[in-house]
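Enquirer: Take this structure first; my questions come after.
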Number of protein chains: 2
Amino acid sequence: MKEMKIAYKVWLDKEGKAFGDGPYELLRRVEKTKSLHQAANQMRMSYSKAWRLIRTLEERLGFILLERKTGGPSGGGSKVTPQGKDLMNHYERFRRDVEKGLERIYKKHFGAVERKG
Amino acid sequence: MKEMKIAYKVWLDKEGKAFGDGPYELLRRVEKTKSLHQAANQMRMSYSKAWRLIRTLEERLGFILLERKTGGPSGGGSKVTPQGKDLMNHYERFRRDVEKGLERIYKKHFGAVERKG
């Protein structure tokens with residue numbers, strides 16, 4: 001029999017979704033590839049969808065995540081801004097703590113229940 | 001400007017969703033009304049949907065949540081089983097700890113960011 005486990009989704013909200021695992025992953029790939037086009041491609045997301053996502057997040061956050069070189073339909077080069085990088089660093093550590101914290105809380109309340117099963 | 005906050009969904013998983021806020025609320029209302037029909041109604045859920053939900057959860061959890069008196073299309077009376085009640089109690093405490101824990105983790109990592117805003 002499979003074990004029970006905790007499952008969750010977590011994100012930052014500011015009048016709507018402002019940051020989360022998906023945006024983090026997208027920015028991480030922009031950092032590696034220097035290109036929103038390639039980053040989107042790797043995540044099987046259209047460039048226009050990725051671009052709209054970034055714009056929406058920037059509006060909600062109140063700061064710019066990507067410096068963009070205009071490059072026509074191919075998208076040009078992109079670079080994560082220092083504020084974007086700062087958010088990524090905070091989010092990374094936040095996300096690790098969330099994972100550890102929730103696992104601990106789950107075990108505290110359901111560890112014994114599982115052992116009964 | 002609105003403040004940023006943490007948002008999340010959390011549930012128990014065992015080859016699929018096995019328990020969460022919705023099922024907890026449904027069982028809580030069954031306890032009060034002694035009727036799955038009324039509980040479902042209060043949550044604007046059809047009786048058949050609520051019934052299927054309970055059956056699915058019971059299969060995944062491996063124990064019975066509701067004792068049912070058959071009552072035709074109106075649903076008859078329902079009572080939460082002792083194992084169901086035990087799960088509700090664990091879940092209640094688990095859920096409170098999740099809320100407190102995530103709020104604490106959020107403040108740890110994003111409290112300072114907010115103060116900048």
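Enquirer: List the chymotrypsin sites (Phe, Trp or Tyr not before Pro) within segment A:39-110 that DSSP assigns to loop and that have no more than 16 neighbouring Cβ atoms inside 10 Å.
Expert: A:63
Enquirer: Under the rule that an exposed site lies in a DSSP loop and has at most 13 other Cβ atoms within 10 Å, name the longest stretch of chain A with no GluC sites (Glu not before Pro) of that kind, not counting the sites themselves.
Expert: That gives A:16-117 as the longest site-free run.
Enquirer: Applying 1/(1 + (r/R0)^6) with R0 = 35 Å to the Cβ-Cβ distance of residue A:42 and residue B:17, what FRET efficiency is obtained, to the nearest 0.05?
Expert: 0.75
Enquirer: I would also like to ask the following. Step through the table entries B:34/B:100; A:9/A:69; B:49/B:79, compare each Cα-Cα distance with 29 Å, and write down the pairs that go over it.
Expert: Flagged as over cut-off: B:34/B:100; A:9/A:69.
Enquirer: For segment A:54-63, just list the computed ³J(HN,Hα) in residue order, Karplus coefficients 6.51, -1.76 and 1.60, θ = phi - 60°, integers in Hz, with x standing in for Gly and Pro.
Expert: 4, 4, 5, 4, 4, 4, 5, 6, x, 8
Enquirer: Search the structure for amide H atoms under 5 Å from the amide H of residue A:77, placed 1.01 Å from N in the peptide plane, and list their residues when 5 or more places away or on another chain.
Expert: Sorted by chain and number, the residues that satisfy this are A:69.
Enquirer: Put the label 7 Å from Cα along Cα→Cβ for residue A:46; what are its distances to the other copies, in nanometres, shortest first?
Expert: 3.4
Enquirer: Which distances in nm, rounded to one decimal and ordered from shortest, link the label point of residue B:95 to the equivalent label points in the other identical copies, with labels set 7 Å from Cα toward Cβ?
Expert: 2.8
Enquirer: Related question: Quick one: helix B:21-33 against the long Cα principal axis of chain B, what's the angle to the nearest 10°, folded into 0 to 90?
Expert: That helix lies at roughly 50 degrees to the long axis.
Enquirer: Here's another thing I want to ask about it. If you take every residue apart from residue A:16 with its C-beta less than 14 Å away from the C-beta of residue A:16, what net charge results, scoring Lys and Arg +1 and Asp and Glu -1?
Expert: Summing Lys and Arg as +1 and Asp and Glu as -1 gives +2.
Enquirer: Give the calculated FRET efficiency between residue B:55 and residue A:56 to the nearest 0.05, with a Förster radius of 41 Å applied to their Cβ-Cβ distance.
Expert: 0.55
Enquirer: Would you calculate, for the protein assembly as shown, the mean residue ellipticity at 222 nm contributed by helices, counting each DSSP H stretch of 4 or more residues as -39,500 (n - 2.57) and dividing by all residues, to the nearest 500?
Expert: Value at 222 nm, helices only: -20000 deg cm²/dmol.
Enquirer: Could you work out the local net charge near residue A:43, counting Lys and Arg as +1, Asp and Glu as -1, over the other residues with Cβ closer than 13 Å to its Cβ?
Expert: Taking every other residue near residue A:43 into account, the sum is +3.
Enquirer: Shortest first and in nm to one decimal, what separations exist between residue A:15 and its copies in the other chains, measuring from label points 7 Å along the Cα-to-beta-carbon line?
Expert: Its label point is 4.7 nm from the equivalent points in the other copies.
Enquirer: With angles folded into 0 to 90 degrees, how steeply does helix B:82-116 sit against the dominant principal axis of chain B? Use alpha carbons for both and round to 10.
Expert: Roughly 20 degrees between the two axes.
No lab work stands behind these numbers, since they all come straight from the coordinates. Not measured: the values here are computed from a predicted model. Backbone-built Cβ (ideal geometry, glycine too); neighbour counts: all protein chains shown.
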